[in-house]
Amino acid sequence: MPEKIIADKTAKDSFSSSSAKQKILAFSSLIILLIVFSFASPNFFQSNNLIAIMLATAVNGVLAIGVTFIIITGGIDLSVGTMMTFTAVMAAQFVANWHMPVMVGVLVAILAGMLCGFLSGVMVAKLKIPPFIATLGMMMLTKGLSLIIAQSKPIYFTESPTFALIAMGSIFSFIESFKIPNAVLIFFALAIVASIILNKTIFGRYTFAIGSNEEAVRLSGVNTDRWKIAVYAFSGAICGIAGIIIASRLNSAQPALGPGYELDAIAAVVIGGTSLSGGEGTILGTVIGAFIMSVLTNGLRILSVPQEWQIVVTGVIIIFAVYVDMLRRKRSK
């Protein structure tokens, strides 16, 4: 079938030598950061701090996994942060306020995220609204709905103590003082599943194909609109998982939380080697990028660098990563 040939070829092309070099560069940068911060502060490699880094990576990394699929298609999603908050508020509404079972809250969060992603996909694919504008509107929509539903106040899971165990419980530990939180295990499990989906399924092949040459894929007979909507809905469901993790970690749904997470997620994806032009990217690179962001933020905080300068550093890193991607694209032509 022509469409399958195009999709398979595109998926293989995405694993170019330049992409491999980008992942090696990102991994090397992560190692350098770990070494620098370990020498700069004796507190960096303490077990409590390492767990804090992993927890921060779990939230940002889960969001970044969903964003990876969208950016590979050549799109962008500015709503993942507030969408995460919205799903957390929805879960809290069902579990904390309406006293429903925890599993119901989890399913509601994932379905709410999927619905938001589906609507973003429809705006992008069917209404032909640029992804930047469509997801910007979804960002404002979910932010407003979160504040309305929660009445601008945090919703606490005081009567549902088991909810906190979703992220902060531990079913695996090396030693008693170094228990791996479930949130980290969820992140790694999701990364493995997402990598399989991206590289071994028709969904992943069409994700690459749409980002590489959407018009050629459409002319081959593939309903690209349907697949693009599916990608946004899939990313939305992942935002629901991130919402559950952060709500469980804080043991509450914070309706004002969310703005800013989308930038960290996009930065992690770009640093990991996914091209903003579409058609190229890996989940492994995104995982490395997410750890770079968390290690950098944590290390700067330990060194008492003001938060304002932390934001400046993040901005510089994003600009540098995009510039490197541009150079890589030019050399591959």
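No value in this document is a laboratory result; all are computed from the given coordinates. All of these numbers come straight from a predicted model, not from anything done at the bench. Cβ: placed from backbone, ideal geometry, glycine included. Neighbour counts: every protein chain shown.
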Pairwise FRET efficiency - residue 156 versus residue 219, Cβ, R0 = 51 Å, nearest 0.05: 0.40
Estimated inter-spin distance, residue 189 and residue 100, nm [label 7 Å along Cα→Cβ]: 2.1 nm
The chain: DSSP helices with Cα axial extent of at least 27 Å and average Kyte-Doolittle hydropathy no lower than 0.5: 17-40, 47-72, 102-125, 224-250, 283-302, 307-332
Estimated FRET transfer efficiency when R0 is 30 angstrom, pair residue 129-residue 180 (beta carbons, to 0.05): 0.10
Residue with peak Gaussian network fluctuation, the chain [Cα springs, cutoff 10 Å], from 50, 276, 63: 50
Packing-based ranking, highest mean first, of 146-153, 106-113, 185-192, 241-248 given that Cβ atoms within 10 Å are counted: 241-248, 106-113, 185-192, 146-153
Label-point gap, in nm, between residue 202 and residue 327 - each point 7 angstrom along Cα→Cβ: 4.1 nm
Separation in nanometres of the label points that stand 7 Å from Cα toward Cβ, at residue 164 and residue 301: 1.8 nm
Cα gyration tensor shape of the range 50-106, rounded if a/c is under 1.5, else prolate or oblate by comparing a/b with b/c: oblate
Computed E for residue 136/residue 313 - FRET, C-beta separation, R0 22 angstrom, nearest 0.05: 0.35
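Tell me, in nm to one decimal, what length is gained between residue 46 and residue 28 on full extension, where the rule is 0.36 nm per residue of separation less the Cα-Cα distance?
Length gained between residue 46 and residue 28: 4.3 nm.
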With at most 13 other Cβ atoms within 10 Å, longest stretch of the chain clear of loop GluC sites (Glu not before Pro) (DSSP): 1-158
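Can you put 77, 325, 225, 264 in order, fewest other beta carbons within 10 Å first? Kindly include the intermediate steps, with their values, before the conclusion.
Numbers: 77 32, 325 20, 225 17, 264 24.
Ordered by Cβ neighbours within 10 Å, fewest first: 225, 325, 264, 77.
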